[in-house]
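Novice: Would you mind keeping the following structure in view while I ask a few things?
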Amino acid sequence: MKVRVFLQVAVAVAILVLLVVQFGTGPFVAGFQAVSIPSIAIAATIGLATTVCSAWRWRLVADGLALKLPMRDAVAAYYKSQFLNIVLPAGVLGDVHRAVRHGLDVGTVPRAGRAVVEERVAGQLVLISLTVVALAVLPSPVPVAVLAIVSVVLVGLIAVVGRFGLVPRAWPGIVLASIAVVVGHAATFVLASHTVGVDVSMAHLLPLTLLVLVVAALPFNVGGWGPREGAAVWAFGAAGLGGAQGLAVSTAFGVFTIAAALPGAIMLLVPHRRPQRSGELLEGSSAHG
């Protein structure tokens, strides 16, 4: 596990170092300076809606696996996991914390872990599906070969999802929640683009946005940084917008994601109250009877 985390961090750091060597620190500074209090407030509002939709998706998956997960607890846990994913290396340790905590609450860590994995995979499946559609329909600098590779990944994810043990009635809600999450993340990236001053039509910006979001989901980052910036540089450069501008946009987006996840830091300070399971309630009632 330590070797894997080290390699993931090393990849992210190497990408960032290469970008600094190529572009200097100017694009990073420009991205930070472009951010304002009003834009952060907008990003945090979008983040709230996105987090609620993510928590709803998780709850639907948990329900499909017969795991109790109140919506209020799901939102709080998701905020915590997002914050931990940002401050801890590898980008997935917050999800591990979310799975273990839920597992301890419901009495089955393996099944709770499965719920988190399936929830994340379902989200990536929808994200990649929307990306493939956008790259195929809208103006895009992405070569056909890349689109073919993404399509192969999509087919592989569909095969994985096909093995999920969720009830069919859960899938419409899961897909709807996932679409809402993608829209929220894309809206935040578009906000970052306008904040930095990118002047391009939505038809040209959307494919780039979705492509960057797909790469950003790779677990080779430090607090979300690394592959995301590399993808933004390549995508914006290929689209004729300039790699430096893509790096500035990705930097502003990174600031927005940190701001949106900050409520998780506050929630981590609140002592976790483990809900009593039905068996425990019956046992306690018998003891007092």
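Each reported figure results from applying straightforward, stated rules to the coordinates on display, with no laboratory input. Just so you know, these numbers come straight off a predicted model, no measurement behind them. Cβ sites come from the backbone with ideal geometry, for glycine too, and all protein chains shown count toward neighbours.
Novice: If you take the beta carbon distance between residue 21 and residue 41 as r and set R0 to 30 Å, what does 1/(1 + (r/R0)^6) give as a FRET efficiency, to the nearest 0.05?
Specialist: Between residue 21 and residue 41 the formula returns 0.30.
Novice: What ³J(HN,Hα) values, in whole Hz, does the Karplus curve 6.51 cos²θ - 1.76 cosθ + 1.60 give for the range 122-131 when θ = phi - 60°, with x put for Gly and Pro?
Specialist: My calculation for the range 122-131 gives 4, x, 5, 4, 5, 4, 5, 4, 5, 5 Hz in order.
Novice: State the extension gain, in nm to one decimal, for the chain segment bounded by residue 183 and residue 88, taking 0.36 nm per residue of separation less the distance between their alpha-carbons.
Specialist: Separation in residues times 0.36 nm, less the Cα-Cα distance, equals 31.7 nm.
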